[in-house]
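Visitor: Encoded as structure tokens, here's the structure I'll be asking about.
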Amino acid sequence: EESCESLYRVVLLGDPGVGKSTLVSVFAGVQEKDSLEQQRDDTFERTLSVDGEETTLVVIDTWEAEKRASEEDNWLHSHCMQVGDAYVIVYSITDRGSFESASELRIQLRRTRQAENLPIILVGNKTDLVRSREVSVEEGRACAVVFDCKFIETSAALQHNVTELFEGVVRQIRLRQDSK
Ligand code: GDP
Ligand code: MG
């Protein structure tokens, strides 16, 4: 039986270069860099089977384009903050500045979507770059506790924990649906 109820929009936020587009391409199953560059759309859709139930995620990776446009148009800037059913806030564990930006994005999101209990996942990406680490796992986890969101570290380059990340998004969405 088909159900269109289990389709959710997931928006990726985070500084340029933290690995958002790489995470999305791994999730979408785009293996070759060439085909990724040819992909003009920055929205990807995939159906996941999580705990025996199917859910379709539409992953939106337009944050940078929206941010550029926002210099001319404030309405566009807030678009990303409005459309998500769930949010993935990405920083790079090799870039403390991106970790600080993640906190700012969390605050901005709370301000924009005040009344809603949104699923938010904080992601520390690039765990393969062990020797360049600037943000510890403990700091990431503590930040997630303060901001009341889930936390996971990933390596998009090694495709490590990427599936787990998006399965976690699905579970967080379902938890909130069930409690409504
Ligand atoms: P975006 O600007 O957030 O979309 O970041 P991109 O996905 O374009 O990635 C920026 C750069 O970081 C690219 O050169 C990627 O190949 C690289 N990158 C992304 N994820 C990882 C990762 O997990 N490990 C490493 N070593 N590099 C990564
Ligand atoms: Mg990108």
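The values are calculated or read from the model by the stated rules, or taken from the named source; none is laboratory data. None of the values given here were measured: they were computed from a predicted structure. Don't worry about glycine lacking a Cβ; one is built from the backbone with ideal geometry, like all the others, and counts go over all protein chains shown. Just so you know, the surface numbers come from the protein's heavy atoms only, side chains and all, with ligands and any DNA or RNA stripped out. Shrake-Rupley method; radii C 1.70, N 1.55, O 1.52, S 1.80 Å.
Visitor: Just grab the label-to-label distance for residue 78 and residue 145, each label 7 Å out from Cα along the Cβ direction, in nm (one decimal).
Guide: Using points 7 Å along Cα→Cβ, the separation is 3.5 nm.
Visitor: Still on this structure, I have one more. Which of the GluC sites (Glu not before Pro) found in the stretch 105-158 are in a DSSP loop and have at most 13 neighbouring Cβ atoms, other than their own, within 10 Å? Could you put the intermediate results ahead of the total?
Guide: Working: sites: 116, 134, 138, 139, 153; in loops: 116, 134.
Filter output for the stretch 105-158: 116.
Visitor: Students sometimes get this wrong: rank 79, 160 by accessible area, probe 1.4 Å, all chains present, largest first. Before the final figure, lay out the partial values.
Guide: Working: 79 65, 160 95 Å².
Ranked from most to least accessible, the order is 160, 79.
Visitor: Could you work out the percent of alpha carbon pairs in the stretch 134-177 separated by over 17 Å, rounded to a whole number? Walk me through the numbers on the way to the answer.
Guide: Working: 417 of 946 pairs.
Percent of Cα pairs beyond 17 Å in the stretch 134-177: 44.
Visitor: Determine the per residue accessible area of the stretch 120-180 with all protein chains present and a 1.4 angstrom probe, expressed in square angstrom. Show your work: numbers first, answer last.
Guide: Working: 3400 Å² over 61 residues.
Here the per-residue accessible area is 56 Å².
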